[in-house]
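As structure tokens, the structure follows; a few thoughts come after it.
Laboratory data are not the source of any read-out in this text; all were calculated from the coordinates shown. These numbers come from a predicted model, not from an experiment. Here the Cβ positions follow ideal geometry from the backbone for every residue, glycine too, while neighbour counts run over all protein chains shown.
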Amino acid sequence: MTEVGNLTAVVRGVRKRCPRCGSRPIFDGWFALKPLCPRCSLRFEQEEGGFLGAMTLNYAFAFLIWIVVLAIVLTFTVPHPPVPELIAMSIVVLVGVPLWFYPRSKGAWAAIEWLANRTDPDYRPPAPRGEQARRLE
Ligand SMILES: [Zn+2]
């Protein structure tokens, strides 16, 4: 199995694919990330609570979208901004974007964790395994 570049790994994570081998599906439903990659057995959550980083990514992305939309609306409507519409837009963006981005943020964070672990001097790339070895695990 060849090692991929950093950007490729993160893009794979955002696309809900395994950052190491690119296979999918790595989710059971919209919210549940499988503990291991079904193909290369990469452990996605390296430690308990490891997805706090994914949560941070998710909120940061939602906030970025919200602030961009808010700035665009205010640019064109000042001095009379449509306050009720802005409140409705804020609720939709700050609830909808995190729900939509949730699995992508978890995939991206799994990629970041894997990339961080890959720089460990003791890290070894996965050895190719046959179907029989996978069945025995
Ligand atoms: Zn994999």
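Structure values in brief
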read-out: Segments 9-15, 117-123 sorted - mean Cβ within 10 Å per residue, highest first; value: 9-15, 117-123
read-out: Those chymotrypsin sites (Phe, Trp or Tyr not before Pro) in the range 1-106 that DSSP places in a loop and that have at most 14 other beta carbons within 10 Å; value: 30, 31
read-out: Among 57, 94, 123 the positive-end extreme of the charge dipole of the range 6-126 (Cβ point charges); value: 123
read-out: Per-selection Kirkwood Rh - the range 15-61 (Cα, Å, 1 d.p.); value: 11.4 Å
read-out: Relative contact order [Cα under 8 Å, 6+ residues apart], the chain, whole percent; value: 36 percent
read-out: Cα-derived Rg to Rh of the range 1-84, Kirkwood definition; value: 1.18
